[in-house]
Amino acid sequence: MTKKTSNQMWGGRFAAGPDAIMEAINASIGFDKRLAAQDIEGSRAHAAMLASTGILTDKDAEAIREGLLTVLSEIESGDFQFSTALEDIHMNVEARLKEIIGEPAGRLHTGRSRNDQVATDFKLWVRDQFDAFETGLITLIEAFLEQAEAGADWVMPGFTHLQTAQPVTWGHHMMAYVEMFGRDLSRVRDARARMNESPLGAAALAGTSFPIDRNMTAKDLGFDRPSANSLDAVSDRDFALEFLGAASICAMHLSRMAEELVIWSSAQFRFVALSDRFSTGSSIMPQKKNPDAAELIRAKIGRIFGANVALMTVMKGLPLTYSKDMQEDKEQVFDAADNLMLALAAMNGMVRDMTANRESLEAAAGSGFSTATDLADWLVRVLGLPFREAHHITGTLVAMAEGNGCDLPELSLADMQSVHGEINETVYDVLGVHNSVASRMSYGGTAPVRVREQIASWKEALK
């Protein structure tokens, strides 16, 4: 059944109200009420500017500002009654403001449109998420730095193809994640700076004939400047896409670490023990301690990736400027932000609480002929062999050790000399895992001295 009463927010253009189905598909209040604080912040700044420029009287502006504080208080206390018929947070706030202060509420919308209003609200909300994102990343980086410092000289296997490759240090492995999340931090700061332009005052799409002061509202809202083109200001959602892009890359990093924690905490690896705070048990197997927090981080990443693709798809075919499609820009970002912050907090807790098993790490570091490359390097460095010849000799010795059921350091000198007669006793100096990692002194290498240098550098950078 079609409603017969007109919608006061649409004015006199429509004689009848919307059909119930149209009302349901058109309304966004179910999710954009999360923008209430930002909407009221923007409206208060707009009212102050209208008074400063003489567009509003000081009396009306003051009534508006005080009325908006009352509305915010009602929302925060849970006493506010949201209406689907009023479509969105902007109209819900304005309608309640009119009930509180009367006729002056109708003057608030002078010199602006819902188009620039929603762009401003959403930017303010996403900016807050960037700030929370930055804080979460810094906290997580500090957790990895603590682990790296504690085990800067602990040896463990380094992997390629999940096969033992060369010995590395625990500190070096932890610092790899510091670098990953450090790039995320750089992306967050870069995107946050780029998005900090105010759309307010762009109005519907062409600006306004009222003598507004966009620099004043931009400053009051913490923006660096007003956006330079009104068409772009109301149609831009790059800031949300950049948030989702940075969130997706960070989420991928979180998922990689989560996967390592799942593997490392298994009985087959025993590299780490996760705390009880981030593990669960089994309903039937009493011995189980499951890394559920890590697994859930690994799974939640799909929601963040999905949000990124969804918003890109919404925006890809839109002509300038605003289209109602853009109402679908928020739910994905809200969900992605919620899950990202939860994943960051959970990973921070797991990394801080986990205990590395130094003995298991060291035992695994020497397995799988992990010092074979050190042997090849020794043949090049000491005997002057071409690397390809050294590689072949080393491969032959690995096959010999494998056939004998031993590791490279356990081959006798006679065994080694049977492959190449010039090999001497000093070869055993490079076959130990501690000697191996200590020798990797190149910049960025796994030598403990280099790891400690990088830890100190990051600590200084985060001050």
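Observations, loosely collected:
- Intensity falloff of segment 363-418 expressed as log10 I(q)/I(0), Debye formula with alpha-carbon point scatterers, at q = 0.13, 0.14, 0.19, 0.27 Å⁻¹: -0.30, -0.34, -0.63, -1.15
- Taking every protein chain into account, the 1.4 Å probe leaves F223 with about 10 Å² of accessible area, to the nearest ten.
- Put a plus charge on the Cβ of each Lys and Arg, a minus charge on the Cβ of each Asp and Glu, and nothing anywhere else: the dipole of segment 112-191 about its Cα centre is then about 440 debye.
- Protein-only accessible surface order, largest first, of I423, I249 at 1.4 Å: I249, I423
- Its residues counted as N, segment 163-250 yields a C-alpha radius of gyration over 2.2 N^0.38 Å of 1.69.
- Over the chain - Rg/Rh using Cα atoms and the Kirkwood inverse-distance radius: 1.16
- Accessible surface ranking for Y443, Y177, 1.4 angstrom probe, highest first: Y443, Y177.
- Distance between the modelled labels on F269 and I25, one decimal in nanometres: 4.9 nm (7 Å Cα→Cβ projection).
- Heavy atoms of the protein chains alone define the surface here; on that basis the chain has 47 Å² accessible area per residue at 1.4 Å probe size.
- You can think of it this way: the chain between L462 and A204 has 88.7 nm of extra reach, that is 0.36 nm per residue less the Cα-Cα gap.
- Heavy-atom surface analysis with a 1.4 Å probe gives the chain a carbon and sulfur content of 53 percent of its accessible area.
- In the chain, the DSSP-assigned H stretches of four residues or longer account for a calculated mean residue ellipticity at 222 nm of -19500 deg cm²/dmol, using -39500 (n - 2.57) per stretch and the full residue count as denominator.
- Projecting the Cα atoms of W125, T446, G30 onto the charge dipole of the chain, computed from C-beta unit charges around the Cα centre, puts G30 farthest toward the positive end.
- Only lysine pairs 8 or more places apart or on separate chains count here, and in segment 246-356 those with Cα atoms under 30 Å apart total 7.
- Using a simple spin-label model with pseudo-atoms 7 Å out from Cα toward Cβ, D429 and A176 lie 2.9 nm apart.
- If R0 equals 25 Å, the separation of the Cβ atoms of E259 and D238 corresponds to a calculated FRET efficiency of about 0.20.
- Neighbour net charge for G306 - beta-carbon separation under 12 angstrom, K R +1, D E -1: 0
- Using only side-chain charges placed at the Cβ, +1 for Lys and Arg and -1 for Asp and Glu, the dipole size of the chain relative to its Cα centre rounds to 940 debye.
- Global geometry of segment 405-463, whether rounded, prolate or oblate, following the gyration tensor of its Cα atoms and the 1.5 cut on a/c: prolate
- Extent along the principal axes, Cα only, for segment 91-193: 75, 25, 22 Å, with the longest axis given first.
- Only the Cβ atoms of Lys and Arg (+1) and of Asp and Glu (-1) were treated as charged; on that basis the dipole of segment 251-405 about its Cα centre amounts to roughly 120 debye.
- For L35, the solvent-accessible surface computed with a 1.4 Å probe is close to 0 Å², ligands and nucleic acids excluded.
- Beta bridge orientation in the chain: antiparallel %, DSSP, nearest 5: 85 percent
The values are calculated or read from the model by the stated rules, or taken from the named source; none is laboratory data. Since the model is a prediction, treat every value here as computed from it, not as a measurement. So basically every Cβ, Gly included, is an ideal-geometry build from the backbone, and we count neighbours across all protein chains shown. Calculation scope for accessible area: heavy atoms of the full protein, side chains included, ligands and nucleic acids excluded. Shrake-Rupley method; radii C 1.70, N 1.55, O 1.52, S 1.80 Å.
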